1. From the square roots a ≥ b ≥ c of the eigenvalues of the alpha-carbon gyration tensor of the stretch 195-350, which class results: rounded (a/c under 1.5), prolate (a/b over b/c), or oblate?
2. Let me have the relative contact order for the stretch 46-345, percent, based on Cα pairs under 8 Å that are six or more residues apart.
3. Taking the chain as a Gaussian network, Cα atoms linked when under 10 Å apart, which of 220, 292, 71 shows the biggest mean-square fluctuation?
4. What do you get for Rg/Rh of the stretch 46-345 when both radii come from the Cα atoms and Rh is the Kirkwood radius?
5. How big is the Rg/Rh ratio for the stretch 69-140, C-alpha atoms only, Rh by Kirkwood, two decimals?
6. Could you check the spin-label model distance between residue 147 and residue 210? Points 7 Å from the Cα along Cα→Cβ, value in nm.
7. Multiplying the sequence separation of residue 297 and residue 85 by 0.36 nm and subtracting their Cα-Cα distance, what value in nm do you get?
8. Shape call for the stretch 238-320 from the C-alpha gyration tensor, a ≥ b ≥ c root eigenvalues: rounded (a/c under 1.5), prolate (a/b greater than b/c) or oblate?
């Protein structure tokens, strides 16, 4: 009987230890049971490819395995939203707090008219990879992707019209300042411009990023461009491979290469965004840069010291508020015009 009692007490003790380890019950004194500060937080564990920021309160982030998260309080709290597709989402854009689109692999386009409470799949008419989109209002949006794909909707996504040439090039980003004037950037330094809503496209180029080779050298291509942003019909910036940042002040007639510290390390820059004179760029290995003079000069931000994950999307909603997202659930936020950044999600690295 005594042996049975001892065994019972031992069994109860072992069970209590297991319950403690799995967090089912709390152990120790009340002071010890208080949760300690975690070294990092995680809004979502998946890789993040895109962010939308139509106003300082409403934010969306999306990425791998169709993950979509939404904040209605400036990034303090996040709620998952349900996607009608399983494909990874490469880009999303909102014209206001209610109306937005997301695009992704296999020709996927989804749309919401209620802030993401519900998302509906739309028929793109293609099965190609779609990498970027830009919406100018509730009815009109452009989407670009592989094999020279350019799609337009003028009816809220009920129908999508092909505007691309079908050339064997990847188009990585698209930006319209209104319903008529827009730019597309992509592989091999590709820059396209339209002034008639995409009915026709004209080639632009930055001669300063086109390699000059001699007759006995292998042919070399201009670096691919991944991001483009225009502040008005004249002033625009773009970024890409090898730390490339280029700028124009005449609508793209002439593009100039802008020297920056990312170019010295040949870091690929994936996304660029401006609001007023404040601009940000995001790239590989946690590299990010900021400009306070409209993109004329650039300096490294402190986010490079908080993460080593690649950063895929950068969005400035106004001169103060911006967000950057990337690998392993990384979310960085600024509220002071990119002077400082706070890591909301992801795996940080110790500061030096």
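Laboratory data are not the source of any read-out in this text; all were calculated from the coordinates shown. In this text, all values refer to a predicted model and were calculated from it rather than measured experimentally. Cβ: placed from backbone, ideal geometry, glycine included. Neighbour counts: every protein chain shown.
1. Details: a/c = 2.09, a/b = 1.37, b/c = 1.52.
It comes out oblate by the Cα gyration axes.
2. Working: 932 pairs, mean separation 33.1, N = 300.
Reported relative contact order: 11 percent.
3. 220
4. On the way: Rg = 17.8 Å, Rh = 18.9 Å.
That ratio equals 0.95.
5. Working: Rg = 12.1 Å, Rh = 12.6 Å.
My calculation of the ratio gives 0.96.
6. Here the modelled spin labels are 2.8 nm apart.
7. Numbers: separation 212, 0.36 × 212 = 76.32 nm, distance 4.11 nm.
72.2 nm is the gain from fully extending residue 297 to residue 85.
8. Working: a/c = 1.90, a/b = 1.30, b/c = 1.47.
Note, shape of the stretch 238-320 comes out oblate.
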